[in-house]
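This report concerns only the one structure given below.
Throughout, read-outs are computed from the coordinates displayed, never taken from laboratory work. All figures in this text were calculated on a predicted structure; none of them were measured in a lab. Please note: Cβ atoms are built from the backbone with ideal geometry, for glycine as well, and neighbour counts cover all protein chains shown.
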Amino acid sequence: MKQIVPEYKIKNKGHYSPGILSKGMLYISGQLSRDPDTFMIASGGAREHAALALANIERVLREAGLARENVVQCRIYVSDIDMWDEVNEAYSEFFADHKPARCVVPCGKLHFGCLVEIEAVAEVPK
C-alpha cells in the first residue's frame with residue numbers, strides 16, 4: 001500500500017490520504033469543490049463546483065502517474081439533487097467518451113459550503 005499525496009501549498013489538517021495505491025487500484029478520497037492550494041471554494045454554481053472537484057481528482061491521478069481514462073468508478077455527492085443537470089454536464093465534459101461507473105448521492109450540506117464532493121477508483125495498468 002502506498003499513499004499518494006500531491007504537492008499542496010497549504011497542508012490539509014484532515015486525517016486521510018488523498019489517494020491510496022493498493023493491489024493495482026488507486027482509491028481517491030472525496031475531493032471537494034475547494035482549491036487545495038488556496039482553500040477557496042469554487043465560485044459559480046454546481047457546474048463550476050463539479051469541475052473543480054474533478055480537477056482535484058485529476059491532480060491525485062497525475063501524482064500517481066494515471067489519467068482520467070484509468071478511472072473505473074466515481075461516487076458523486078451533491079448538496080441538492082436539483083443540481084444534477086449541471087453536475088452531469090461538467091462530468092460529461094471531463095470524461096468525454098470515457099464512461100466510468102458512477103453513483104450520485106444527494107446528501108444535503110457538504111463541508112465548507114461546497115456543493116459537490118467526488119471520490120473515485122482508478123485501475124493501474126499492468
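Ranking request for peptides 29-37, 93-101, 76-84: highest mean number of other beta-carbon atoms within 10 Å first, then the rest in descending order.
Ranked from most to least packed, the peptides come out as 29-37, 76-84, 93-101.
Can you give the local net charge around S43? Use residues other than it whose beta-carbon is closer than 15 angstrom to its beta-carbon, Lys and Arg +1, Asp and Glu -1.
Taking every Cβ under 15 Å from that of S43, the sum is -1.
Spelling out what I want: for every residue of segment 21-31, take phi, set θ = phi - 60°, compute 6.51 cos²θ - 1.76 cosθ + 1.60 (Karplus), and round to whole Hz; glycine and proline get x.
Working through the residues one at a time gives 8, 8, 6, x, 10, 10, 9, 9, 4, x, 10 Hz.
Counting Lys +1, Arg +1, Asp -1, Glu -1, what net charge surrounds V124 among other residues with beta carbon under 15 Å of its beta carbon?
That sum, taken over residues with Cβ under 15 Å, equals +2.
What does the convex hull of the Cα atoms of the chain come to per residue, in Å³, rounded to a whole number?
99
Rounded, prolate or oblate: pick one for segment 3-60, where a ≥ b ≥ c are the square roots of the eigenvalues of its C-alpha gyration tensor, a/c under 1.5 means rounded, and failing that, prolate if a/b is larger than b/c, else oblate.
Values: a/c = 2.61, a/b = 1.52, b/c = 1.71.
The shape class here is oblate.
What FRET efficiency would be calculated for the residue pair Y16, H98, taking the C-beta separation as r and a Förster radius of 25 Å, to the nearest 0.05?
Once rounded, the FRET efficiency stands at 0.45.
Counting Lys +1, Arg +1, Asp -1, Glu -1, what net charge surrounds A53 among other residues with beta carbon under 14 Å of its beta carbon?
-2
Before anything else, pin down the relative contact order of the chain: Cα pairs under 8 Å, at least 6 apart, normalised by residue count, whole percent.
33
Quick one: which residues, 5 or more positions from V72 or on another chain, have an amide H under 5 Å from its amide H? H modelled 1.01 Å from N in the peptide plane, none for Pro or chain starts.
Long-range HN contacts for V72: V121, A122, E123.
Given the options S22, T38, A67, identify the residue whose Cα lies farthest towards the positive end of the charge dipole of segment 2-123 (+1 on Cβ of Lys, Arg; -1 on Cβ of Asp, Glu).
Farthest towards the positive end: S22.
Counting other C-beta atoms within 10 Å, which of C114, C107 has the fewest, and how do the rest follow?
Least crowded to most crowded, the residues run C107, C114.
May I ask you to derive the FRET efficiency for I81 and K2 from their Cβ-Cβ distance with R0 = 35 Å, giving the value to the nearest 0.05?
The formula returns an efficiency of 0.45 here.
To the nearest 20 debye, what charge dipole does the chain have about its Cα centre, counting +1 at the Cβ of each Lys and Arg and -1 at the Cβ of each Asp and Glu?
In debye, rounded to 20, the chain gives about 640.
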